[in-house]
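S.K.: Quick one: the structure is below, and I'll ask about it shortly.
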Amino acid sequence: MNDKSPVKADAIAQKWRKMKESDISAAETLLRAMENKCVGACGRFLTINDTRGGVWLLGEKRGQNPSALLIYSRSTINPVLCGKKEIPCPDFLKALVKKNKIHSVQGQKEDVLVLEEEMEHMGAQVSDTYDYDLMSLDKQPEKKSFSSGPSNLVLRKPRLVDIDAIAPLQAAYEREEVLPSGSDFSPSASRVNLANIIAKEQMFCAEVCGKIVGKININAVSFTRYQVGGVFVHPDFRGLGIARRMTAEFISSLIKTGRGVTLFVKKSNFKAQCLYAGLGFTALDDYRITYY
């Protein structure tokens, strides 16, 4: 008599395989169904040919629609497990763990926890974890948000000549919101990242009396949505309504293109949660980033 539970038996029956060209359509169908909660994963999927990485599909055999995906890109894994609580061991992870080629796992918290357990069995050591609220908006922000901030506040798209003025804000943002504890900060890498954002992504900066004091940008683009990040205002200019106005204007410009907007905010950042809720964002799910 087989004493395995139905869930475990199903997990064992399915296997992971690397995506081939014939699998792309089925993988995209799965991601589109989950898009609202995995914009970052969708963005990586759409650019996977431009990076060192790959997509792995979970299924019983080739030709059948996958039931889950793992996307590996730029030393990050985005699991899209579609509610699965148990998965067969992804063999390709063993080599990545052994060679220390996984920097982080990020996605819906329930998916990340499943992968954390698998990686723990492989000997991977967690260095830090952050939990977030995943939030979404599909309509214009609340009108009152467009009148906040000082009267001399100017919002505009930055130019590459602004990089020296924005670089300290980007560095402070990365130290405050991005880097796991104990990590070394690289000013040169931060500057390169900022230059790429200015040149290739959509971004606003906030000016007061000719001084750039705030920034916001998109950090992922999926099939029908933008993911917003990099929201930062200089500490000396906080509490004036600059972040609210800057975010409202930026998000308004994105929604006018016909796309929805998603973001995630740390559960410990109550002020930011209130700001986004005041703009009209609603919480969708728990989001998690685990660093290795």
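The values are calculated or read from the model by the stated rules, or taken from the named source; none is laboratory data. Just so you know, these numbers come straight off a predicted model, no measurement behind them. FYI the Cβ positions are ideal-geometry reconstructions off the backbone, even for glycines, and counts take in every protein chain you see.
S.K.: Can you confirm whether the stretch 232-253 contains a residue that is small (Gly, Ala, Ser), buried (at least 16 other Cβ atoms within 10 Å of the Cβ) and part of a strand (DSSP E or B)?
M.R.: no
S.K.: Return the residue satisfying two criteria in turn: it lies in the stretch 119-139 and is more than 22 Å from TYR226 (Cβ to Cβ) and not in a loop (DSSP other than H, G, I, E, B), and of such residues it is farthest from the chain's Cα centre (by Cα).
M.R.: Checking each candidate, the answer is HIS121.
Residue by residue, here is whether (1) modelled with pLDDT of 90 or more; (2) in contact with a Leu (Cβ under 9 Å, 6 or more places away or on another chain); (3) closer than 28 Å to GLN125 by Cα holds:
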site: ALA13; (1), (2), (3): no, no, no
site: ASN36; (1), (2), (3): yes, yes, no
site: PHE45; (1), (2), (3): yes, yes, yes
site: LEU69; (1), (2), (3): yes, yes, yes
site: LEU81; (1), (2), (3): yes, yes, yes
site: LYS84; (1), (2), (3): yes, yes, yes
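S.K.: Starting from the stretch 250-272, keep only residues that are modelled with pLDDT of 95 or more, then list their pairs with residues that are among the β-branched types (Val, Ile, Thr) and not in a strand (DSSP E or B) whose Cβ atoms are within a distance under 7 Å, requiring at least 6 positions of separation or different chains.
M.R.: Between residues of the stretch 250-272 that are modelled with pLDDT of 95 or more and residues that are among the β-branched types (Val, Ile, Thr) and not in a strand (DSSP E or B), the close pairs are ARG259/THR224; GLY260/THR224; VAL261/ILE251; VAL261/ILE255; THR262/VAL39.
S.K.: So, one more: I'd like the residue in the stretch 186-219 that is surrounded by 12 or more Cβ atoms within 10 Å (Cβ to Cβ) and assigned to a loop (DSSP other than H, G, I, E, B) and, out of all such residues, is modelled with the lowest pLDDT.
M.R.: GLU201
S.K.: Cβ contacts < 7 Å: first residue in the same structural domain as LYS37 (by TED's automatic domain parsing) and in a strand (DSSP E or B), restricted to the stretch 76-97; second residue surrounded by 16 or more Cβ atoms within 10 Å (Cβ to Cβ) and among the polar types (S, T, N, Q), any location; separation 6+ or different chain. Result?
M.R.: Sorted first by the residue in the stretch 76-97, then by its partner, the pairs are THR76/SER104; THR76/GLN106; ASN78/GLN106.
S.K.: Within the stretch 188-211, how many residues are more than 20 Å from SER253 (Cα to Cα) and in contact (Cβ under 8 Å) with a residue 12 or more places away in the chain?
M.R.: Result for the stretch 188-211: 8.
S.K.: Please specify each residue of the stretch 140-190 satisfying the condition of being more than 25 Å from the chain's Cα centre (by Cα) and basic (Lys, Arg).
M.R.: Residues satisfying the conditions are LYS143, LYS144.
S.K.: Looking at (1) at pLDDT 95 or above; (2) buried (at least 19 other Cβ atoms within 10 Å of the Cβ), can you tell me which one SER73 breaks?
M.R.: For SER73, the failing item is (1).
S.K.: Being small (Gly, Ala, Ser), assigned to a helix (DSSP H, G or I) and under 24 Å from ALA277 (Cα atoms) is the requirement here; does SER145 meet it?
M.R.: In short, yes.
S.K.: With (1) of a type outside the set (Ser, Thr, Tyr); (2) surrounded by fewer than 18 Cβ atoms within 10 Å (Cβ to Cβ); (3) not assigned by TED's automatic domain parsing to the domain that holds ILE48 as the list, and PRO158 as the residue in question, which single condition is left unmet?
M.R.: The number of the failed condition is (2).
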